[in-house]
1. How do Trp27, Trp34, Trp17 rank when sorted from fewest to most other Cβ atoms within 10 Å of their own Cβ?
2. Springs between alpha-carbon atoms under 10 Å, Gaussian network over the chain: tell me which of Leu13, Leu41, Leu64 tops the mean-square fluctuations.
3. Give me the number: length gained by fully extending Leu45 to Ser74, i.e. 0.36 nm times residue separation minus the C-alpha to C-alpha distance, one decimal in nm.
4. Can you sort Val23, Val80 from fewest to most other Cβ atoms within 10 Å of each residue's own Cβ?
5. Given the options Leu20, Leu45, Leu11, which has the most mean-square fluctuation in a GNM of the chain, springs set between C-alpha atoms less than 10 angstrom apart?
6. Please list 3J(HN,Hα) in residue order for the range 23-31, calculated via the Karplus relation 6.51 cos²θ - 1.76 cosθ + 1.60 where θ = phi - 60°; whole Hz, with x for glycine and proline.
7. In units of 2.2 N^0.38 Å, what is the alpha-carbon radius of gyration of the chain?
8. Express the relative contact order of the chain as a whole percentage, based on alpha carbon pairs under 8 Å and six or more residues apart in sequence.
Amino acid sequence: MIFMRPTALLLRLLIAWFVLAVVACVWEQFAVVWQIGGGLLLLALMVDACTLPRRGRITGERSLPGRFALGVGSAVTLTVTH
């Protein structure tokens, strides 16, 4: 299963589309612009979702000493690969 989180750009585009919807409610001539914008936004989201599996998976690995003493600091190495 693919889990996706919205990016800041996507959230801004959705807010702009919502504002355009409010404007289209007040002035009817903007309704067509709102519909075209929604279609373009949907197309961009579908292209982004289709390219998601090709981006690779982020994995993490930690290495630590054999034992930890309670209350004593120790070094832990974290390796993240993309």
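No lab work stands behind these numbers, since they all come straight from the coordinates. All of these numbers come straight from a predicted model, not from anything done at the bench. Note: ideal-geometry Cβ built from the backbone for every residue, glycine included; neighbour counts use all protein chains shown.
1. Details: Trp27 9, Trp34 18, Trp17 14.
By the 10 Å Cβ count, ascending: Trp27, Trp17, Trp34.
2. Maximum among the listed residues: Leu64.
3. Numbers: separation 29, 0.36 × 29 = 10.44 nm, distance 4.47 nm.
Length gained, Leu45 through Ser74: 6.0 nm.
4. On the way: Val23 14, Val80 9.
Result, fewest neighbours first: Val80, Val23.
5. Judging by the Gaussian network model, the answer is Leu11.
6. Residue by residue, the range 23-31 yields 5, 5, 5, 7, 10, 5, 5, 8, 5 Hz.
7. On the way: Rg = 22.8 Å, N = 82, 2.2 N^0.38 = 11.7 Å.
Relative to the rule-of-thumb radius for its length, the chain sits at 1.94.
8. Working: 42 pairs, mean separation 15.8, N = 82.
Relative CO of the chain lands at 19 percent.
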